[in-house]
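Accompanying notes for the structure given below.
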Ligand SMILES: Nc1nc2c(ncn2[C@@H]2O[C@H](COP(=O)(O)OP(=O)(O)OP(=O)(O)O)[C@@H](O)[C@H]2O)c(=O)[nH]1
Ligand SMILES: [Mg+2]
Ligand SMILES: [Zn+2]
């Protein structure tokens, strides 16, 4: 990722270009729900069960938000989707068609069914904090999902204001692995604003979704990155430990020169919808060794001439990430 700083003018230009890049596919022959480039006039900024909040892209009333229901033939729409909508009564509307989705970030629920979080995104911020403490396998599960969607990601350690020098050696050791394999890692604080200047540079002109456990401060970061508080922030309480979530639905916010999507926190992140090969591919530092083991069906556990274990011995793969890989594979077998 470039360390070059962008001027205000450059940031404004990127933002304009981003707006102009909203291109959608032409209606397909079956007359199905895909909208053409010219008639997409809205974007979903939040969804609530059967209803969605559509932000108008019509130049005459750009930015207006209308609560809409959707035609029954449409798939379940998600925050970030481009749509065609029309008015129906005073302050409500109906979504008639969906624009093409560049991508869809989702997570499976407890029964393995994929629950959509956001569509048409450029970047995922995987947010964690010293409290609640991060689990490496949670971070790695997110990374596997993100890699399989070919999306960019940045790791964010929030609440850096709570960390005293010297009392977080384990956390530092765990986190130091990621920049070495190519993931940017920013230490920030939504409380005192530290580290956010650098983060903002990486968000310029992009639509970014924030994901992570409940209570790590995703909504607080959004409020701090904007000019005013827009997202609801919750207490860090006992109730939260029991699974209370403050943010309950994904929502898109337009901030200075970027868009951010807040998402509900989670306790578990299952990967029910992916296969073992996709898990392997999701560990980016393993990829150069793919197909190099002596046995084609090598499990990378005890086999001789295993390229992964040889890379481990050479220090090109860390023991922690390999352990994490095995843990994820195991969880696929015993969900
Ligand atoms: N000290 C400190 N506290 C923070 C920081 N960021 C957030 N908090 C606190 O952490 C608590 C949870 O913050 P939220 O922003 O609601 O967390 P969230 O990730 O959006 O949680 P969900 O919406 O449930 O997923 C609040 O009490 C915040 O004030 C930070 O950088 N430093
Ligand atoms: Mg929140
Ligand atoms: Zn092997």
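Miscellaneous remarks
- Any hit, segment 150-158, residues being modelled with pLDDT under 95 and surrounded by fewer than 15 Cβ atoms within 10 Å (Cβ to Cβ): yes
- Residue in segment 210-223 that is more than 16 Å from ligand 2 (Cβ to nearest atom), closer than 13 Å to residue 125 by Cβ and at pLDDT 95 or above present: no
- No other residue among 315, 291 is farther than 24 Å from residue 173 by Cα and in a loop (DSSP other than H, G, I, E, B) apart from 291.
- Residues in segment 40-71 that are in a loop (DSSP other than H, G, I, E, B) and either at pLDDT 90 or above or within 17 Å of residue 99 (Cβ to Cβ) (or both): 40, 41, 57, 58, 62, 64, 71.
- Test: residue in segment 168-188 that is over 22 Å from residue 321 (Cα atoms) and buried (at least 20 other Cβ atoms within 10 Å of the Cβ): yes
- Residue match in segment 269-285 (condition: outside any loop (DSSP other than H, G, I, E, B), at pLDDT 90 or above and farther than 17 Å from residue 145 by Cα): no
- The residue of segment 311-326 that is nearest to ligand 3 (Cβ to nearest atom), among those that are free of Cβ contacts under 8 Å to residues at least 12 places away in the same chain and touching a helix residue (DSSP H, G or I) at 6+ places or on another chain (Cβ under 9 Å), is 312.
- Filter pass, residue 266 being within 16 Å of ligand 2 (Cβ to nearest atom) and either at pLDDT below 90 or out of contact with any strand residue (DSSP E or B) (no Cβ under 9 Å at 6 or more places or on another chain) (or both): yes
- Residue within segment 179-191 that is out of contact with any helix residue (DSSP H, G or I) (no Cβ under 7 Å at 6 or more places or on another chain) and within 16 Å of ligand 1 (Cβ to nearest atom) present: no
- Output for segment 294-310, where each listed residue is more than 9 Å from ligand 3 (Cβ to nearest atom) and outside any loop (DSSP other than H, G, I, E, B): none
The values are calculated or read from the model by the stated rules, or taken from the named source; none is laboratory data. From a predicted model like this one, the values you see are computed outputs, not experimental measurements. For neighbour counting, all protein chains shown are included, and Cβ atoms are generated from backbone atoms with ideal geometry for every residue, glycine included.
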